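Worksheet: one structure, shown below.
What follows is calculated from the coordinates using simple rules that are stated; it is not laboratory data. Fair warning: this is a prediction, and the values are worked out from it, not measured in the lab. Please note: Cβ atoms are built from the backbone with ideal geometry, for glycine as well, and neighbour counts cover all protein chains shown.
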Amino acid sequence: MLTDRRGHAISTVEPRAAVALDEAIAHLVGRRSALTPTLARVRELDPDCVMGQVLTGMMGCGVRKLSGLEAAREAYAAAAAQRDQVSARERLYVDVLESAIAREPDAVVERLSAILEHCPTDLLASVLLQGELFWTGDMQRAEAESARVDAFWCSSIEGYADWLALRAFDLEETGDLALAERLGRESVERDPNNLWGAHSVAHVLEMKGESAEGIRWLDELKGGWDAGGPMKYHLWWHRCLCHIEQGQFEAALEIHDTWIRNSELPFQKALPDFYLDIQNGASNLIRLELQGIDVGERWQVLANAIEGSWDDLSNPFTTLHVAMVLAATGQLGRQQALLNNVNALASEQQSALARTYRGVPVVLEFIAAHRAGRHQQVVACGASSRASLWQLGGSHAQRDVLFQLLFDSARRCQDYALITSIHSDLERIGFVHPLGRVAYRDAA
């Protein structure tokens with residue numbers, strides 16, 4: 001029987017396809033750019049390999065754009081044709097892909113959880129599950145799921161460093177910063193090129209307000225990022241957060257132009273509107289502008305990138321950042337069209353995707369109002385939206401840009417009650433000494 005490196009069956013008649021599939025899973029877990037060509041090799045060696053088609057389909061869904069669904073559907077059709085010939089675990093993965101294409105996150109989560117019930121060290125299932133829960137804002141469930149299978153892991157199991165990194169991120173997002181930092185650092189000690197481990201510790205340091213240590217941490221590890229996929233650009237975004245916190249705005253702008261929005265980078269040239277890059281870019285520019293920095297024509301560069309997909313409603317958190325770009329570049333007609341489309345989607349009764357968008361309209365309104373200088377409107381929107389921002393997905397560090405916008409308007413309106421409430425929100429979320437951070441310091 002052919003298996004992956006953790007002993008899970010791979011249904012294929014071609015041993016070389018099994019080896020390539022195992023490598024592809026490792027690349028996916030490790031956030032490495034070799035995933036795409038390795039998956040292509042699996043399909044070339046055995047087009048009927050169900051898990052090869054499942055991973056291909058999940059990558060199509062993973063770009064979180066309508067444009068990725070066509071390839072995902074083709075992969076699903078190929079996998080479904082072989083569904084009755086494979087293991088129970090692999091059949092569940094076919095079902096996971098079906099739910100992902102239908103954009104039913106609850107079903108995706110339940111089916112991945114079912115895989116882990118029987119295969120607790122299936123690292124692929126854990127990574128996909130964490131990702132799905134991350135984008136629906138339910139990191140409490142993510143931490144509970146990883147805690148449930150943690151006892152099955154030990155250092156002798158292949159991928160242990162990746163497991164530590166995954167567990168660390170769940171713990172950071174749910175408030176156990178000390179254990180998260182310990183596990184994240186151990187994952188990098190075991191594998192210095194572990195991007196998710198570097199990422200988990202970067203989040204911890206952001207929450208603790210240790211920006212100088214964040215710069216040192218990322219600087220020591222950046223030499224191991226060459227094989228990384230888009231996650232390496234997100235690590236550079238974390239570096240920007242640290243520089244902004246240190247008042248080193250030119251350094252943040254230089255990183256922005258080199259790593260966050262650089263059309264000469266092969267990945268950004270191939271996928272100019274990749275959702276994480278748009279989030280990184282818009283969020284970084286907002287933070288710099290809130291510090292009084294003139295970002296020049298950089299907003300227009302982002303506007304050019306989203307020209308063909310600004311109205312794609314596949315991911316609520318991306319939609320918020322698209323709204324930031326439209327507002328910053330004065331595209332008032334598109335701003336209104338985006339809000340109308342989101343309202344229409346959010347009003348659907350039976351759509352799982354609609355449920356994830358129901359908190360978006362009020363946030364789109366305060367993003368537009370802040371750009372227009374209507375700070376009283378921002379304050380009014382903030383009163384009704386603060387408690388539910390987590391439902392939009394993303395991390396504490398990423399959603400902080402929304403709190404910064406609310407706080408800036410509260411400060412301008414001298415709304416000390418809202419300032420106090422936001423301070424309490426940030427402490428409850430897990431930020432250490434939030435009013436000591438640069439975005440909040442002046443109103444302390």
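How much length is gained if the chain between Arg428 and Ala34 is pulled fully straight, taking 0.36 nm per residue apart and subtracting their Cα-Cα distance, in nm to one decimal?
Answer, rounded to one decimal: 137.9 nm.
Quick check for me: using +1 on Lys/Arg Cβ and -1 on Asp/Glu Cβ, what's the dipole size of the chain about its Cα centre, in debye to the nearest 20?
Charge dipole of the chain: 660 debye, to the nearest 20.
Quick one: dipole size for segment 1-158, taken about the Cα centre, charges +1 on Lys/Arg Cβ and -1 on Asp/Glu Cβ, in debye to the nearest 20.
Charge dipole of segment 1-158: 340 debye, to the nearest 20.
What ratio of Cα Rg to 2.2 N^0.38 Å holds for segment 1-158?
So the Cα radius of gyration is 0.97 times the expected 2.2 N^0.38 Å.
What residue among Ala198, Leu426, Gly373 has its Cα farthest toward the positive end of the dipole of the chain, where the charges are +1 on Lys, Arg and -1 on Asp, Glu, each on the Cβ?
Of the options given, the answer is Gly373.
Of the options Ala18, Trp153, Val96, report the single residue whose Cα projects farthest towards the positive end of the charge dipole of segment 1-158 (beta-carbon charges: Lys, Arg +1; Asp, Glu -1).
After comparing all options, I get Ala18.
First measure r as the distance between the Cβ atoms of Ala178 and Leu2, then evaluate 1/(1 + (r/R0)^6) with R0 = 60 Å and state the FRET efficiency to the nearest 0.05.
After rounding, the FRET efficiency stands at 0.90.
Hey, of (1) 21.5, 69; (2) 23.7, 76; (3) 41.6, 155, which did the structure itself give for Rg and Dmax of the Cα atoms in Å when calculated?
Only one listed value fits the structure, namely (1).
Would you mind finding the longest exposed-site-free stretch of the chain, with exposed GluC sites (Glu not before Pro) meaning DSSP loop and at most 15 other Cβ atoms within 10 Å?
Of all site-free stretches, the longest is 1-157.
HN-Hα J couplings of segment 235-251 from phi, Karplus 6.51/-1.76/1.60, θ = phi - 60°, integer Hz, Gly and Pro as x?
In residue order, the calculated couplings are 5, 5, 4, 4, 4, 4, 4, 5, 5, 4, 4, 8, x, 9, 6, 5, 5 Hz.
Segment 153-192: Rg/Rh from Cα coordinates, Kirkwood Rh?
Ratio value, two decimals: 0.98.
Rounded to the nearest Å, what's the spacing between the alpha carbon centres of segment 217-255 and segment 375-444? Just the number, please.
24 Å
Taking Cα centroids, how far is segment 147-201 from segment 324-363 in Å?
The two parts, judged by their Cα centres, are 36 Å apart.
On C-alpha positions alone, give me the angle between the axis of helix 139-150 and the longest principal axis of the chain, in degrees, nearest 10.
The two axes meet at around 30 degrees.
Given Cβ point charges of +1 (Lys, Arg) and -1 (Asp, Glu) and nothing else, what value in debye, to the nearest 20, does the dipole of segment 270-404 about its Cα centre take?
440 debye
List the lysines whose alpha-carbon lies under 20 Å from that of Lys65, not counting same-chain residues fewer than 8 positions away?
Here the lysines satisfying the reach criterion relative to Lys65 are Lys269.
Once every DSSP H run of n ≥ 4 in the chain is given -39500 (n - 2.57) and the sum is divided by its residues, what mean residue ellipticity at 222 nm do you get, rounded to the nearest 500 deg cm²/dmol?
Helix-only estimate at 222 nm: -21000 deg cm²/dmol.
At what distance in angstrom do the alpha carbon centres of segment 259-284 and segment 74-109 lie from each other?
30 Å
Under the 0.36 nm per residue contour assumption, what length would be gained going from the current alpha-carbon distance of Glu213 and Arg412 to full extension?
68.5 nm
Tell me the angle of helix 88-101 to the major Cα principal axis of the chain, expressed in degrees between 0 and 90 and rounded to the nearest ten.
Approximately 40 degrees, to the nearest ten.
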